[in-house]
Amino acid sequence: MLSQEQRERYQRNILIPGFGESGQERLLDGSVCIVGLGGLGSSAALYLAAAGVGRLGLIDSDTLELSNLQRQVVHTTDRLGMSKARSAEMTLRALNPGLTLQTAQIRVTAENAGDLFSAYDFVVEATDNFAAKFLINDACLECRTPFATAGILALAGQMMFVVPGKTPCLRCAVPVEPLGVPTTGELGVLGAVPGVLGSLEALAAIRFLAGLWKPAADGSGAVLSVDGESLRWRTTRLPRNPSCRCAMLWSIS
Ligand SMILES: [Zn+2]
């Protein structure tokens, strides 16, 4: 049951046809682990907290630097040098005091990822390198945790939503970790790009937690791409890859 304060705070969620009070109750009972509190993680964390996801994990091993603030909008100038996990916690606490926030200033590794992710309903992958994206993909397949994954560079970005056993995974789209991919430290990135992509990851998490998502009949997924130079969106259908490591999960779903 929602309190009067919750009914008022989340009124615009509750009014959405098909969402209602039951959708809000599901969000408040739900949990999301956000890995990376940079550009993608900033916008994802702000919208997940504002929407009322009851428990958020905030994971980042870094401290805040001046060059982060052009895009990492969950942080503020007076927190330079502070742990990004702690800084995000302060912002989200002020935004929505009723949530449970669990912070960790750690690096996610193959050893700790399974324990970490199996304690949450959903993972938002918001890291800045392919090694971490593949590690998170594989750990989420292992513990069957749904996740959103995104990448950004300069004026462009992509996003995928994965439910292990019910959609293709990141390796279905990119079977082997690409090497030599330029980073935002080399080619830059406009802050609004991770703003858009991180918001999409939050949207994927919210619609899943609220029970609004249904798997495609053919088990396909999609890659959403935005090109900020032409201001164009593209949705590319992604079929399952039968030789992918995620294939063994299909038959038991
Ligand atoms: Zn796969």
Multiply the residue separation of residue 186 and residue 143 by 0.36 nm, subtract the distance between their alpha-carbon atoms, and state the gained length in nm to one decimal. 12.1 nm
Order 50-57, 35-42 from most to least packed using the mean count of other Cβ atoms within 10 Å. 35-42, 50-57
Starting with the highest mean, order 206-217, 175-186 by the number of other Cβ atoms within 10 Å, averaged over the residues of each peptide. 206-217, 175-186
Just the Kirkwood number for the stretch 68-107, please: inverse of mean 1/r across all distinct Cα pairs, in Å, one decimal. 10.8 Å
What number comes out for the charge environment of residue 165, summing +1 per Lys or Arg and -1 per Asp or Glu over other residues with Cβ under 13 Å away? +3
For the chain, restrict the atom set to alpha-carbon positions and state the Rg and Dmax in Å. 17.5, 53
How large is the dipole of the stretch 96-253 about the Cα centre if only Lys and Arg carry +1 and Asp and Glu carry -1, each at its Cβ, rounded to the nearest 20 debye? 540 debye
Tally the DSSP beta bridges in the chain and give the antiparallel ones as a percent, rounded to 5. 55 percent
For the chain: relative contact order, % (alpha-carbon pairs under 8 angstrom, 6 or more apart): 20 percent
So, by mean Cβ neighbours within 10 angstrom, what's the order for 151-157, 197-203 with the highest one leading? 197-203, 151-157
Spatially proximal aspartates and glutamates relative to residue 133 (Cα-Cα < 13 Å; intrachain offsets below 8 disregarded): 125, 177
Assign unit charges at the C-beta atoms only (+1 for Lys and Arg, -1 for Asp and Glu), then state the dipole size of the stretch 54-157 relative to its Cα centre in Debye, rounded to the nearest 20. 280 debye
Under a plain spin-label model, where a point goes 7 Å from the Cα along Cα-to-Cβ, how far apart in nm are residue 7 and residue 243? 5.8 nm
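Since every read-out is calculated from the coordinates, none of them should be taken as a lab result. The structure presented is a predicted model; accordingly, all values stated were derived computationally and were not measured. Every residue, glycine as well, gets a Cβ built from its backbone with ideal geometry; the counts of neighbours run over all protein chains shown.
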